[in-house]
Amino acid sequence: MEPGNQTRILEFLLLGFSEDSEHQLVLFGLFLSMYLVTVLGNLLIILIVSSDSQLHTPMYFFLSNLSLADICFTSTTIPKLLVNIQTQRKSITYASCITQMYFFMLFGIMDSFLLTVMAYDRFVAICHPLHYSAIMNPHLCDLLVLVCWFISLIYSLIQSLLMLRLSFCTNWVIKHFYCELAQALKLACSDTLINYVLLYMVTGLLGFIPFSGILFSYSRIVSSILRTPSTDGKYKAFSTCGSHLSVVCLFYGTGLGVYLSSDATSSWKGMVASVMYTVVTPMLNPFIYSLRNRDIKRALQGILSGRLLEKKKVITRRGEIRARWVLGGRNSQSVLCKCTNMPK
């Protein structure tokens, strides 16, 4: 972009979805309900995995990390959107915008790599079941998650630092409901070549490598399942991977929509794709994993039945204490009556 009236801005304006007050109320209720469902659903997954010792396996360890990343991913954008709708303001400070970009990229890339690690875990479980415990040991699981965090942190930090060097013109309106990197780059007056190279090439590379790993894992899984003679064995293998494959298709499908719509002329299409990517996908993940997973259902039933049993015990104990108190009061009254009726 050619240099114009460059200045150091203090805030951006987020265009959002609609300025109609009736639409604002509907949007607030819709996004608030989706955000609460996302947070509570993923927190429930984390609680179930951490409280049930039978779920302390690599697959559920990665699933709990994915749930944590989904909570953080959604919390990066939706709370600010809700505040702007409630207060009828569209401004976001420059520092808050850069911070939002950083965490959005961090947890988005983290989701992508965690899904790849989970695909590798399923590949080892199905194709090398006898060596699964030896290969997917706790040390390797921790190392894989740390590598995912490290790559996400480095890329997000580089992109954020490159944004700090840019100067902006008088147009500070971002045509989105959050500080989307591609939209913010369009407002810059200084040279953005390096930023665009990183945005499209490196982001595409970071999307291509995990997706290639997932494709490789599932190609080996499918070939291994097809060689299985029994129908029950094939069904169990497919059911094991079904939930993860559904999440992968949902995540990469919506992510591809965001990536392709970043240069589209219609900002509305880009925002709809971003809603699917940032809100709908993290909201559906707990339902996809819990509805088709017997272990999660069993652990959830155990937690609920355990709490009901504790409540019954508390009620029973309170009833016993009250009965003892009543009986004790009656006994003391009878003793008092006997004492008063004694001859003087």
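Per-structure values
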| read-out | value |
| --- | --- |
| Rg/Rg_ref, region 98-236, where Rg_ref = 2.2 N^0.38 Å and atoms are Cα | 1.41 |
| Ascending count of other beta-carbon atoms within 10 Å, so fewest first, for Thr38, Thr254, Thr77 | Thr254, Thr77, Thr38 |
| Karplus (6.51, -1.76, 1.60) ³J(HN,Hα), θ = phi - 60°, over region 268-284, in Hz, Gly and Pro reported as x | 5, 5, x, 5, 5, 5, 5, 4, 4, 7, 8, 10, 5, 4, x, 6, 7 |
| Cα gyration tensor shape of region 11-293, rounded if a/c is under 1.5, else prolate or oblate by comparing a/b with b/c | prolate |
| Amide H contacts of Glu11 (H built 1.01 Å from N, under 5 Å, at least 5 apart or other chain) | Tyr94 |
| Separation between Cα centres of region 151-217 and region 57-102, rounded to whole Å | 17 |
| For region 59-71, Karplus couplings with θ = phi - 60° (6.51, -1.76, 1.60), whole Hz, Gly/Pro x | 4, 7, 5, 5, 5, 5, 5, 5, 5, 5, 5, 5, 4 |
| Cα-derived Rg over Rh, computed across region 119-182 with Rh taken as Kirkwood radius | 1.30 |
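Only the coordinates and a few stated rules stand behind these numbers; no lab work does. Please read all numbers here as calculations on a predicted model, not as lab measurements. Don't worry about glycine lacking a Cβ; one is built from the backbone with ideal geometry, like all the others, and counts go over all protein chains shown.
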